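The values are calculated or read from the model by the stated rules, or taken from the named source; none is laboratory data. Please read all numbers here as calculations on a predicted model, not as lab measurements. Don't worry about glycine lacking a Cβ; one is built from the backbone with ideal geometry, like all the others, and counts go over all protein chains shown. Note: areas computed on protein heavy atoms with side chains; ligands, DNA, RNA excluded. Shrake-Rupley method; radii C 1.70, N 1.55, O 1.52, S 1.80 Å.
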Amino acid sequence: MAKTNMNLPLGKQSDLSSVISFQAGTEWSSEMHLDLNDHLVTHPSATFFLRVNGNSLYHSAIRDNDILIVDRALTPNLNSTIVAVIDGALVIVPYQSLTRCKQQGGSGNQLDGHLMNAEPAVWGVVTYTIHKI
Amino acid sequence: MTVDGLGQLPMKEGHPLFVLVDCNNFFVSCERVFDPRLEGIPVVVLSNNDACIISRSNEAKKFGIKVGMPVYQIRDVIKSNRICMLSANFTLYRDLSRRIIHCLRQFCPAIEVYSVDEVFMTLQETDNGVINTLIRNMRQTVYQWVGVPVSIGMAETKTLAKLSAEYAKKEMSTGGCFDLSACSQQDRDRVLANITVDDIWGIGRQYGKWLTAHGITTALQLRAIDQDWFAKKAGVTGLRTVKELQGISCLPLKLDTSPRKMITCSRSFGKPVTDLQELKEAVATFAAQAGRELRHDRSLARRITVHCSIRTKLVTSESFSTKTVLLSLPTDHDSDLIRAAVTCLEQIYQSNLVYSKSGVTLSNLSRADARQTDIFANNEQDRLDKLSRVIDHLNTHWGYGTIKYAATGTRSNWRSRAALRSPNYTTHWQELPVAHAASSSVDRVLDPRRNDK
């Protein structure tokens, strides 16, 4: 994953960085900024960003057009919200409703209004949603 | 001919084992991660310019579609069987490849990235059960983390590891992992007897034909070949393959990540090009692309070569024209590269010819940290360095092509066809995969904003 470095304004960069390096030595690049990736992404090679479509998970604070952070390395537990593959689409569901539906038998049943032909599969576990205020 | 290489098998204890991790139908598998509708149906991925098949799903294989086939030859098969066609999305494939490599490094840091979809590793031979669990765990982890199915082969040499991975892919009973080193001699022979010579790594079609003509059709027969006789034909390289089949490792893991000696960017044109201006734009674009890779490697180029393919009346033959210049100083600046490339082109361009392909090659590369300075160049160098950094920064953050030199053009008639390319799911904010939050009826109840309307 690319580093989200917050660089100084481009035109002044060389002048400013020479001033800073005079004051703080060479470590400024690792100490002078926060990287959101460090905070939000535990497994960079297994983490994907998805765009939310629809508002049916409004109560779980997942809203239309949010950016969802999904970690495929995690194993879901009963409190997890997951992205599942349902009838060829990526659908956000509470993991509980998926297990409930699996217990009732694989095919031809319903999951939150979705009629399913194939057994749903876990695609990844939702860890954060980025919502613009 | 000797009967068998039996006596030459190395001692088992303490030898490193080679592991090959090979992605199954890699390009198709990448597409399936983000579009699960493609699961279970026949899918093919097309090369640059949508010309031929470069990857196909197992379902498409059943219709006789092979990698390398030109699309126009199988248009009917594709149509009548509703085979899904996609243009190659190399940005996506490279990203998933990088993720897979990263994921595999957790298991073993000694990794050779052999190609975009193949990785060699070495493991020290210990208890068989432990290793067996480890490679199955590896396969499961890559599939869970990245979503791409892989086949894993393990053996005493690279060549045998490659054959084992092939065997793991073909035989469902292996569960995608096959350890040849744990097999009895009988089983080893049985596996090798089922592999035709052209499928052996390092043999290729040419020697394959020659060997078949001499009655050697399987890997088992090649292992027992008269080595002196074969060495006369195939040289040291051929002999090495035979030794590797016998279990004597001749090809070590290449961990060397030294920068490339040469960088080439080239494309076939979507339409034939005759106009000089259009050709200039194409060549300038390739020069800028090569420059970007050059800076990524932290190298400088001294020599630049422009090559153009000329379409002749005979469909089967092609002629080339090339021009090389040596720059006064090694550089990594797009502006220098573009200027040099366009000058080369102007010297070889002929208005009465039809061009089908062109490209730019940078060579005579050196390390950027050992840059020579031109005493007459004053601060110009510094300014250009800064400019390159800004351009690369903008293009990395906002997508390639956000900012570019005017010389690379805006018309781009020459650009390759990629009509059926999937979104850049993992590299562009505007093209992220969509996750649905259930049905519209539920939506209305829960969303107060929509109730207001």
> Hey, could you pull the Cα Rg and Dmax for the stretch B:263-408, both in Å?
Replying inline: 15.9, 53
> Residue farthest toward the positive end of the dipole of the stretch B:263-408, with Cβ of Lys/Arg at +1 and Asp/Glu at -1: which of B:Thr402, B:Gln350, B:Leu365?
Replying inline: B:Gln350
>> Contact order normalised by length for the stretch B:277-368, with contacts defined as Cα pairs under 8 Å and 6 or more residues apart; what percent is it?
In response: 44
> Using unit Cβ charges (K, R positive; D, E negative) and no other charged atoms, how large, in debye to the nearest 20, is the dipole of chain B about its Cα centre?
Replying inline: 1140
>> Could you sort B:Glu380, B:Glu39 by their accessible area in this structure, using a 1.4 Å probe and putting the largest first?
In response: B:Glu39, B:Glu380
> Averaged across the residues of B:162-168, what count of C-beta atoms belonging to other chains lies within 10 Å of each residue's C-beta?
Replying inline: 0
> When the Kirkwood radius is taken over all Cα pairs of the stretch B:195-341, what Stokes-Einstein diffusion coefficient follows at 4 °C and 1.567 mPa s, in µm²/s?
Replying inline: 67
> For peptide A:55-61, how many partner chain Cβ atoms fall within 10 Å of a residue's Cβ, on average?
Replying inline: 6
> B:Lys209 label point, 7 Å along Cα→Cβ, cut-off 18 Å on backbone N: hits in the stretch B:226-253?
Replying inline: B:233-235
> If you take the alpha carbon radius of gyration of the stretch B:70-162 and divide it by 2.2 N^0.38 Å, what ratio comes out, to two decimals?
Replying inline: 1.40
> About its Cα centre, what dipole magnitude does the stretch B:263-408 give when the only charges are +1 on Lys and Arg Cβ and -1 on Asp and Glu Cβ, stated in debye to the nearest 20?
Replying inline: 320
>> From the mean inverse distance of alpha carbon pairs (Kirkwood) and the Cα radius of gyration, derive Rg over Rh for chain B.
In response: 1.01
> So what is the calculated 222 nm ellipticity per residue for chain B, using -39500 (n - 2.57) for each DSSP H run with n of 4 or more, over all residues, to the nearest 500 deg cm²/dmol?
Replying inline: -12000 deg cm²/dmol
>> Using only protein heavy atoms and a 1.4 Å probe, how much accessible area in total is buried between A and B, to the nearest 100 Å²?
In response: 3200
> With each label point set 7 Å from Cα along the Cα-Cβ vector, what nm distance links B:Val130 and B:Ser80?
Replying inline: 5.7
> Under the definition of Cα pairs under 8 Å and six or more residues apart, what whole-number percent is the relative contact order of the stretch A:35-78?
Replying inline: 39
> For peptide A:37-46, how many partner chain Cβ atoms fall within 10 Å of a residue's Cβ, on average?
Replying inline: 3
> How long are the three semi-axes of the equivalent ellipsoid of the stretch B:183-257, in whole Å, if each is the root of 5 times an eigenvalue of the C-alpha gyration tensor, listed from largest down?
Replying inline: 19, 18, 12
> Of B:Lys79/B:Lys170; B:Lys261/B:Lys404; B:Lys209/B:Lys233, which ones are farther than 21 Å apart at the Cα?
Replying inline: B:Lys79/B:Lys170; B:Lys261/B:Lys404
>> Could you order the peptides B:384-391, A:45-52, B:153-160 from most to least packed, using the average number of other C-beta atoms within 10 Å per residue?
In response: B:153-160, A:45-52, B:384-391
> What does the accessible area of B:Leu38 come to, in Å² to the nearest 10, when a probe of 1.4 Å is used?
Replying inline: 10
>> Students often check this: by mean Cβ neighbours within 10 Å, which of B:109-117, B:140-148, B:286-294 ranks highest, and how do the rest follow?
In response: B:286-294, B:140-148, B:109-117
> Taking the Cβ of B:Ala231 as the center, what net charge do the other residues with Cβ under 13 Å away carry, scoring Lys and Arg +1 and Asp and Glu -1?
Replying inline: +2
>> So if the hydrodynamic radius of the stretch B:260-305 is defined as the Kirkwood radius over C-alpha pairs, what does Stokes-Einstein give as its diffusion coefficient at 10 °C and 1.306 mPa s, in µm² per second?
In response: 135
>> Once you keep just the Cα pairs under 8 angstrom separated by 6 or more residues, what percentage relative contact order results for chain B?
In response: 16
